[in-house]
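Single-structure report; data block below.
The values are calculated or read from the model by the stated rules, or taken from the named source; none is laboratory data. A quick note: this is a predicted structure, and the numbers were derived from the prediction, not measured. Cβ atoms come from the backbone with ideal geometry, glycine included; neighbour counts cover every protein chain shown.
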Amino acid sequence: MRTRSLAALAVGAVLATACAKVPYTGRRQFNLVPDAIMNGLGKQSYASMLGGAQVKKSGRESEVLTQVGRRISRVANKPDYDWQFSMIDDATINAWCLPGGYIGFYTGILPVLQNEAGMAFVMGHEVGHATARHGAERLSQNLALMGGLAGLELYLAGKEKMTPEQRGIVLGALGIGAQVGVMLPFSRAHESEADVIGVMYMANAGYPPAESLDVWDRMAAQTGGQPPAFLSTHPSHEKRKQVIREWLPQARKRYERNKLPGDTRATLWGR
């Protein structure tokens with residue numbers, strides 16, 4: 001009875017504080033998993049994903065990636081994130097940011113980005129997933145479905161020794177949840193949200209937000225109008241552009257206040 005009472009109290013406490021707002025959109029999300037857990041999962045996944053990859057340690061691509069990444073991470077304002085940027089020599093059209101600020105770009109996406117501003121939008125989009133805690137939100141949903149919330153709260157709070165059954169629930173939820181909350185594609189709602197955040201981040205960092213529309217035009221041309229595998233659950237290119245256009249007036253104002261010197265839309269990577 002005492003264990004159940006503690007579990008009920010723990011769950012009640014976390015439910016009262018679990019609602020947070022997503023940057024810029026203001027959407028309220030139900031989020032139960034602390035950043036410490038998500039960032040740890042992100043770090044582990046990052047090491048795993050880079051383990052067998054050919055990471056470019058130097059060169060123009062890596063230099064631009066680091067420069068853009070630092071500017072975007074600065075406006076994201078997450079000093080507790082362990083920001084790291086890796087350029088992966090692979091033809092896959094992909095980029096990602098794991099919880100905690102672990103970022104990977106594949107050389108295959110560079111012709112789609114074409115320039116520094118294009119990279120800033122995709123960087124902002126991927127960072128937006130992390131700062132909006134989309135992975136934690138999905139993991140929270142998974143934990144709720146598995147009935148592991150009480151065990152997780154007891155485990156984190158350290159108020160009570162967990163039974164083997166409770167420990168199994170927590171470890172099982174985290175094991176499966178790591179895939180759901182870190183590695184698998186996001187929902188269409190999350191993708192649209194990340195587009196909005198990405199446009200605002202790039203504008204705050206001094207990059208022209210209109211380049212985001214050109215990125216999706218180039219993506220459509222590069223993939224024959226169909227989203228690549230990593231965008232399989234994403235909104236259509238036209239839908240994404242429609243959402244971005246709604247936010248462009250606000251983004252342009254931010255860009256005008258923070259505009260970088262030089263032409264960040266000059267072509268760096270051709271097709």
Given the conditions (1) free of Cβ contacts under 8 Å to residues at least 60 places away in the same chain; (2) more than 15 Å from the chain's Cα centre (by Cα), every one holds for Pro111 apart from (1)
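Here's the yes/no breakdown for (1) of a type in the set (Phe, Trp, Tyr); (2) farther than 17 Å from Val64 by Cβ; (3) in contact with an Asp or Glu (Cβ under 9 Å, 6 or more places away or on another chain):
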{"site": "Ser86", "(1), (2), (3)": "no, no, no"}
{"site": "Gln114", "(1), (2), (3)": "no, no, yes"}
{"site": "Gly118", "(1), (2), (3)": "no, no, yes"}
{"site": "Arg138", "(1), (2), (3)": "no, yes, no"}
1 or more residues at pLDDT 95 or above and of a type outside the set (A, V, I, L, M): qualifying helices (runs of 4 or more DSSP H) within the stretch 162-265
188-204, 211-222, 237-258
